[in-house]
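Novice: Would you mind keeping the following structure in view while I ask a few things?
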Amino acid sequence: MNRPAGLKQQPAAYERALALHRAGKLEEAAQAYRKILEKNHTSIAALNNLGLIEKAKGNYDEALKLYDRALLYKPDYIDGMVNKGNLLQIRGKHVDSIPLLEKAVSLNPKHLNAKITLGWGYIMCNQNVAAAKTLEEACALDPSSNTAWQNLATAYYRQGLVDKSIAAGKESLKRLGGNTSHSNLIFTLHFSPHFYMQEIYDLALDWEKKYARPLMPPKASWPQKVGGSDKRLRVGFISADFRKHPVSYFFASMLEARKPDDNWDPIL
């Protein structure tokens, strides 16, 4: 929702609408943008930002119409191209997004979001060499971009460049990090020919502390014998990752460590 570069300064009404938008008051901002469009139906900024609001609300068809209107009035509007490209990707139309985003990058090779969004489109279309090149350029433009490093790690991994993927993943973790960067790095380390066992373990413990532990319910103490009898406690585990996945590898070792005389049985 930035003020579009190269466009004339918007009137006070737009500034008020933008302030509402930035404050998270989306309904009020949307009404303000619509009032602007009633007086000036070619306001590129109002069309674009109203499209962002409709996208945030999940109204993808309406958002797409607004982006298309903005691009109709200004075909070289880069922010509009990037926002439309991103929306196409959200809808799974990655192939359709690429020509639009390539045009945006050609118009402004230093547009960070254009490069990141194009790089992700390449990844989703299995054009991983092009993705890596584009995302390397994005990381050079802004070395602090967590998303650029995270996506670059994915592009490397899909080419089998495991060590490069690990290096990019670590760069991502140094920045904003987050659950995705953290878990992806743990996953990729499993495929390293060097197999960083201690590092995997330390990262997994750190992930548990940051993301899993806050979601855990209070601990409960269980008796060795249930209901005063010799019945064994049955413990159920549910996961979508009981397959060829790091979660399974971690979990298998826990089951292997269970002693025969332990008073509980696992159910998966």
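Novice: Output the residues belonging to the range 251-265 that are surrounded by 10 or more Cβ atoms within 10 Å (Cβ to Cβ) and either part of a helix (DSSP H, G or I) or at positive phi (or both).
Specialist: Phe251, Ala252, Met254, Leu255
Novice: Read through the list (1) modelled with pLDDT under 80; (2) outside the structural domain of Cys139 (by TED's automatic domain parsing), then give the number of the only condition that Tyr196 fails.
Specialist: (2)
Novice: If you check Ala155, Ala132, Ala204, which single one turns out to be in a helix (DSSP H, G or I) and either of a type in the set (Ser, Thr, Tyr) or over 25 Å from Asp96 (Cα atoms) (or both)?
Specialist: Ala204
For every residue, the table says whether it meets (1) touching a Ser or Thr at 6+ places or on another chain (Cβ under 8 Å); (2) at pLDDT below 95; (3) surrounded by fewer than 24 Cβ atoms within 10 Å (Cβ to Cβ).
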{"residue": "Glu38", "(1), (2), (3)": "no, yes, yes"}
{"residue": "Gly51", "(1), (2), (3)": "no, no, no"}
{"residue": "Glu54", "(1), (2), (3)": "no, no, yes"}
{"residue": "Glu62", "(1), (2), (3)": "no, no, yes"}
{"residue": "Leu66", "(1), (2), (3)": "no, no, no"}
{"residue": "Arg69", "(1), (2), (3)": "no, no, yes"}
{"residue": "Leu72", "(1), (2), (3)": "no, no, yes"}
{"residue": "Gly80", "(1), (2), (3)": "no, no, no"}
{"residue": "Asn83", "(1), (2), (3)": "no, no, no"}
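Novice: Going by what's in this entry, would Leu101 be described as among the aliphatic types (A, V, I, L, M) and surrounded by 22 or more Cβ atoms within 10 Å (Cβ to Cβ)?
Specialist: yes
Novice: Continuing with this model, one more query. Do the conditions hold for Phe187, that is, is it on the phi > 0 side of the Ramachandran plot and either free of Cβ contacts under 8 Å to residues at least 12 places away in the same chain or within 17 Å of the chain's Cα centre (by Cα) (or both)?
Specialist: no
Novice: Check Ala167, Ala155 and return the single one that is closer than 20 Å to Leu112 by Cα and either surrounded by 13 or more Cβ atoms within 10 Å (Cβ to Cβ) or of a type in the set (Phe, Trp, Tyr) (or both).
Specialist: It is Ala155.
The values are calculated or read from the model by the stated rules, or taken from the named source; none is laboratory data. The shown structure was predicted, so the numbers you read here are calculated from the model rather than taken from an experiment. Here the Cβ is made from the backbone with ideal geometry for all residues, glycine too, and neighbour counts use every protein chain on show.
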